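A short write-up of the structure that comes next.
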Amino acid sequence: MVVILVLLTSFLSFLYIIAPSIRKFFAGGVCRTNAQLPGKVVVITGANTGIGKETARELARRGARVYIACRDILKGESAASEIRADTKNSQVLVRKLDLSDTKSIRAFAEGFLAEEVQLHILINNAGVMLCSYSKTADGFETHLGVNHLGHFLLTHLLLERLKESAPARVVNVSSVAHHGGKIRFHDLQGEKHYSRVFAYCHSKLANVLFTRELARKLQGTGVTTYAVHPGIVHSELMRHSFLLCLFWRLFSPFIKSAREGAQTSLHCALAEGLEPLSGKYFSDCKRTWVSPKARNNKTAERLWNVSCELLGIQWE
């Protein structure tokens, strides 16, 4: 046992010595565009912390009017105050949005549409990960309800405003974990068999399939959409798993910061010439490979139709 501890300590010490070089490698792609956003309106879900907060900070720095849509208003106001002070942009606003409750989603959309006549960028960033089995206010399994159905409904409610503001973009934050996912239509809510790891993977696959089908339906509207993998990022998503929190602490020098994790979202929101790649999946600021299940058009269309049925909406 003592030998194992000595070896582990030596290994970690070595890693920390070479950490700067490894950190540079794992930092990944960087959004290179110099695009400025005066007069542009942006909504970012879950922007009170982590990747969303850093995405909001950069878009505010570029002059956008940024809406932080989050469940915890106090944390949202704290983040907005910090961003306003950092960017000297007073147009960073906080609005209540609980993606686990369709009433809250509809209330947010109603308020936003009454407040703003334009919407140029919607970033569906918020999410949950590795939750024990639970259901949303509407009876959906939490990963499916928050990560997929909540953003599906929000996008539906805001889409006409996006079309009116075209060119506009929708960015859906997914994950490399989608490779482990499967859309189990016979048990979509995980009531027959539940694994919190695979529930997360399933919801991230749903994000990619939603992006694919949304792009098909938006052809010719001037609105484009992209799915992104932010990388392995230190964030509050890990709070439901003690082991992952421990792993993140041990290997933090080799894990992306929130700012680094925001780069691909920023790239897909801002980079010029991405329109022909609508519906595609990006990592480290470039298009990358998706699992065969994420390229299945029949599954994407069926998931779309089932999502509409579950939410009680019609989406032309």
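Could you give the size of the charge dipole of segment 39-186 about its Cα centre, using +1 on the Cβ of each K and R and -1 on the Cβ of each D and E, expressed in debye and rounded to the nearest 20?
Using Cβ point charges on Lys, Arg, Asp and Glu, segment 39-186 gives about 260 debye.
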Problem - Positive-end extreme of charge dipole, segment 23-111 - chosen from GLY46, GLY28, ALA80 (charges on Cβ) - result: GLY28
Handout entry: Separation of the GLU316 and GLN91 label points, Cα + 7 Å toward Cβ, nm
Key = 3.1
Problem - Positive-end residue, segment 265-316 charge dipole about Cα centroid, Cβ charges, pick of LEU270, LEU303, VAL290 - result: VAL290
Practice task
Would you mind putting 58-64, 118-124 in packing order, based on average other-beta-carbon counts within 10 Å, highest first?
Solution key: 118-124, 58-64
Problem - Packing-based order for 222-230, 190-198, using average beta carbon neighbours within 10 Å, highest first - result: 222-230, 190-198
Fill in the blank from the handout: Quick tally, 1.4 Å probe accessible area for SER90, SER257, sorted with the most first, runs SER90, SER257
Handout entry: Net length gained if the chain between LYS163 and TYR194 were fully extended (0.36 nm per residue, minus Cα distance)
Key = 7.3 nm
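Taking the mean number of other Cβ atoms within 10 Å as a proxy for protection, how do you rank 266-272, 102-108 from highest to lowest?
Answer by packing, highest mean first, reads 266-272, 102-108.
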Problem - Exposure of VAL290 as accessible area (Å², to 10), given a probe of 1.4 Å and all protein chains - result: 20
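Among the listed pairs LYS40/LYS204; LYS96/LYS135; LYS53/LYS204, which are separated by more than 23 Å between their Cα atoms?
The pairs that break the limit, which is 23 Å between Cα atoms, are LYS40/LYS204.
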Handout entry: Rounded accessible area of ARG65 (nearest 10 Å², 1.4 Å probe)
Key = 60
Fill in the blank from the handout: The relative contact order of segment 53-172, taking Cα pairs under 8 Å that sit 6 or more residues apart, comes to a percentage of 24
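The values are calculated or read from the model by the stated rules, or taken from the named source; none is laboratory data. Keep in mind that this is a model prediction, so the values were computed, not measured. Quick reminder, even Gly has a Cβ in these numbers, built from the backbone with ideal geometry, and neighbours come from all protein chains shown. Only protein heavy atoms, including side chains, enter the accessible area calculation; ligands, DNA and RNA are left aside. Shrake-Rupley method; radii C 1.70, N 1.55, O 1.52, S 1.80 Å.
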